[in-house]
Amino acid sequence: MIVDYENPLKKLMEEFVPHGKSLSDALISLQMVYPRRNLSADQWRNAQLLSLISAPSTMLNPAQSDTMPCEYLSLDAMEKWIVFGFILCHSVLNTDATALSLWKLALQSSTCLCLFRDEVFHIHKAAEDLFVNIRGYNKRINDIRECKEQALSHAGSMHRERRKFLRSALKELATVLADQPGLLGPKALFVFMALSFARDEIIWLLRHADNIQKKSTDDFIDKYANTCT
């Protein structure tokens with residue numbers, strides 16, 4: 001399909017029409033997971049995320065969650081599902097507020113997604129080019145443009161602050177577990193979450209540092225990035 005069609009994504013949109021309901025239902029199921037994972041550093045800090053010492057009385061209690069595998073699911077993977085998924089079943093964006101909310105949140109968080117190695121997909125331009133030829137999609141095009149401005153203005157600083165928080169949280173986590181290795185068992189979920197969050201932020205930084213779309217590059221230069229790995 002990639003070879004046969006000049007615009008394979010447009011062809012995929014046509015081919016996925018029969019699967020739209022199943023795909024949109026699967027994507028909307030992320031409504032409780034993705035927004036919770038895509039919080040600001042201040043929200044993480046206020047929630048004492050990843051801290052073992054914030055509640056001493058529960059320090060020995062096992063860390064549990066009803067959606068445990070989702071707690072360390074790659075944020076990068078979820079954003080790919082949401083962006084590409086809703087492009088393929090785009091009609092649901094006009095009828096379901098939850099779908100539109102997920103879509104806009106993903107568009108505000110990144111300007112590009114990795115396809116393969118250093119090949120990237122520029123989200124906003126590609127989505128606008130696809131929707132511009134669809135009748136009645138002026139609102140969605142305006143949404144894309146607004147989200148692009150939001151991503152260019154705030155995404156870099158938001159991810160920079162997340163990396164700052166994670167450096168401190170990882171240092172605290174490593175110090176406590178080195179001193180009290182017996183906590184590793186009951187708090188293993190915290191370790192997996194911390195490693196997953198750090199991986200996501202490093203991947204985001206590497207991807208966007210090579211594809212900067214704004215004049216100021218300060219948010220994409222991080223000499224301490226290796227402390228998150």
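Tell me, please, whether a residue that is over 18 Å from residue 79 (Cα atoms) and either crowded, with 17+ Cβ neighbours inside 10 Å or in contact (Cβ under 8 Å) with a residue 40 or more places away in the chain (or both) can be found in segment 106-118. No.
Residue pairs whose Cβ atoms lie under 8 Å apart, separated by 6 or more positions or on different chains, with the first residue in segment 85-101 and under 15 Å from residue 139 (Cα atoms) and touching a residue at least 12 places away in the same chain (Cβ under 8 Å) and the second assigned to a helix (DSSP H, G or I) and of a type in the set (Asp, Glu), are 100/143.
Among helices (runs of 4 or more DSSP H) entirely within segment 95-180, having at least 2 residues that are farther than 25 Å from residue 199 by Cβ and of a type in the set (Val, Ile, Thr) singles out 138-150. Screening segment 178-229 for residues that are closer than 23 Å to residue 120 by Cβ and among the β-branched types (Val, Ile, Thr) and picking the one that is modelled with the lowest pLDDT gives 229.
Assess whether residue 49 counts as being within 23 Å of the chain's Cα centre (by Cα), closer than 25 Å to residue 191 by Cα, surrounded by 15 or more Cβ atoms within 10 Å (Cβ to Cβ) and of a type in the set (A, V, I, L, M).
On the way: within 23 Å of the chain's Cα centre (by Cα): yes; closer than 25 Å to residue 191 by Cα: yes; surrounded by 15 or more Cβ atoms within 10 Å (Cβ to Cβ): yes; of a type in the set (A, V, I, L, M): yes.
For residue 49, the condition - within 23 Å of the chain's Cα centre (by Cα), closer than 25 Å to residue 191 by Cα, surrounded by 15 or more Cβ atoms within 10 Å (Cβ to Cβ) and of a type in the set (A, V, I, L, M) - is met.
A single entry from 92, 17, 83 fulfils the requirement of being hydrophobic (A, V, I, L, M, F, W, C), buried (at least 17 other Cβ atoms within 10 Å of the Cβ) and over 12 Å from the mean Cα position of the chain (by Cα): 92.
The values are calculated or read from the model by the stated rules, or taken from the named source; none is laboratory data. Since the model is a prediction, treat every value here as computed from it, not as a measurement. Positions of Cβ are backbone-derived with ideal geometry, glycine not excepted, and every protein chain shown enters the neighbour counts.
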